[in-house]
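Notes for the one structure printed next.
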Amino acid sequence: MPGSTFGELFRVTNFGESHGPAIGCVIDGCPPGLALSEADIQPQLDRRRPGTSRHVTQRNEPDAVEILSGVYEGRTTGTPICLLIRNTDQRSKDYGNILDTFRPGHADYTYWRKYGLRDPRGGGRSSARLTAPTVAAAAVARKWLLERHGTTFTGWMSQLGELPVAFEDAAHIPNNPFFAANVSQIAEMEAYMDALRKEGDSCGARIEVVAHQVPVGLGEPLYDKLDADIAYAMMGINAVKGVEIGDGFGVVAQRGSLHGDELSAEGFRANRAGGVLGGISTGQDLRVSIAIKPTSSIRTPKASIDRALQPTTVETFGRHDPCVGIRATPIAEAMLALVLMDHALRHRAQNADVVLPVPAIPGQVGETL
C-alpha cells in the first residue's frame, strides 16, 4: 500500500489497523546522538489518546509506546527507530452491521472499490487511530527541533461546530478537553457537545497551530515550498477538508497596501503571510489553520447501498468522537513538526555553509498567536 510514508530525509512509515494487534511507525533519518526514551514520547500520546473526556470516543486505550529499535544506551543511533503502540480495547463486533454496506462520508466505498476488499473494524486503515504513530514520531522531531533551534508548537481549537471560540490565553489550552485557549466558554462548549451526542449527530471544528522560533530559510521552491508541504501534510490528517496559511482566504478582501508585511531591522511589522514568503520560512511564527469535517460515524440513519448496489439504511454503532476535531490539536501540531523536521534536515544538507554578513531579522515585532 503506497502512501504510508511521509518525509524525505526524516521519513516516517506508518503501519497497522484500528483493530489489529498493534499500530506503529518506523522513523528513518533521525540524526544520531539525540537522547530519547519512551518518556519523551508518551506525554504527546497522552494528549491525543481516546477516552479522556465524555466528549470523545470512550475506547479506553493506554497508547503506551514501546521503542523497539534505533536507540542504544538512551541515545538515537542514526538507524531506523521503530515505535509500537499495542491495541488493547477493540470491540470489532460493533462493526458487524456495516460489513456489506457503506457509511456515507466514510472511506468504506472507496477502499472497497480500490482494493476489492476492506477491513470494516473501526475503519481499519482509514481510522483516525492511525494518527497515534504520527504523534509519536513527531515527539521525536519536536525534541530535536527544540534542542537545535528552540522551536516550539502551540495549537488550539478556534471553532466548535457553529460556535466560535475566542482566544483568551494560551495558558488555558491544557486545562480543558477541547484544547481551547479559553475559560469563559467551556461550559457552553460542553453543553453543545452533550446536546449533539443526545441527538446522535456530529459536528466539525477549526484548529489553529503555530510554530515558534522557526529557522529562516526552510523550504525548497518551486514544488517543495514549505507552505505547500504544510498544506499537503495537513490534508493527510483524517477529516481535514481545508487548510489556510497565514490569513488564508482572508487575503481575498485585502489590498496589497495592507497585505505585504513590512520589514524593519527589528523584525516584520505583521505576519499576514503566516511566516512563509516564496515558499521559504521567514523566521516569523508559522501560522496554520485547518477545517475538520463532522464525524461520519453517527447514529442518525442515512441512506446508502450495499455491495450488490441495493438501497439500504446505515446506522453506525460503537464508540465514536461526536467531533473528531476535539482531539485533532496534537495531531496538527505533530504534522507541522514533521514538516519542519524534514525541511530542517534538507536545509542543513544543502545550505549549512551559507553565511551572510548581516544577521537575520528577529521575526515579527511583538509576540502574536
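We did not get these values from a lab; they are worked out from the coordinates using the rules stated. These numbers were taken from a predicted model, which means no experiment stands behind them. All Cβ positions, glycine included, derive from the backbone under ideal geometry; neighbour counts span all protein chains shown.
By the count of neighbouring beta-carbon atoms within 10 Å, fewest first, 353, 100 end up ordered 353, 100. If the elastic network links every pair of Cα atoms under 10 Å, which of 242, 204, 283 fluctuates the most in the Gaussian network model of the chain? Result for the chain, Cα springs under 10 Å: 242 fluctuates most.
Annotation: for a label point projected 7 angstrom from Cα along Cα→Cβ of residue 302, residues of the stretch 328-365 with backbone N closer than 20 Å are 328.
Electrostatic bookkeeping for residue 186 treats Lys and Arg as +1 and Asp and Glu as -1; over the other residues with beta carbon under 14 Å from its beta carbon, the sum is -4. A crude spin-label estimate for the pair residue 352 and residue 310, with each label 7 Å from Cα along the Cβ direction, gives 6.5 nm. The C-alpha atoms of the chain define a longest principal axis, and helix 131-149 lies at about 10 degrees to it.
As a rough guide to protection, the peptides 9-17, 246-254, 170-178 ranked by mean Cβ packing within 10 Å, highest first, stand as 9-17, 170-178, 246-254.
Helix 226-235 and the longest principal axis of the C-alpha atoms of the chain enclose an angle of approximately 10°. Averaging the sequence gap over all C-alpha pairs within less than 8 Å and six or more residues apart, then dividing by the number of residues, gives the chain a relative contact order of 21 percent.
Over 32 Å between Cα atoms, which of 225/302; 143/241; 114/302; 114/293 qualify?
On the way: 225/302 41 Å; 143/241 29 Å; 114/302 23 Å; 114/293 23 Å.
225/302, as the Cα separations exceed 32 Å there.
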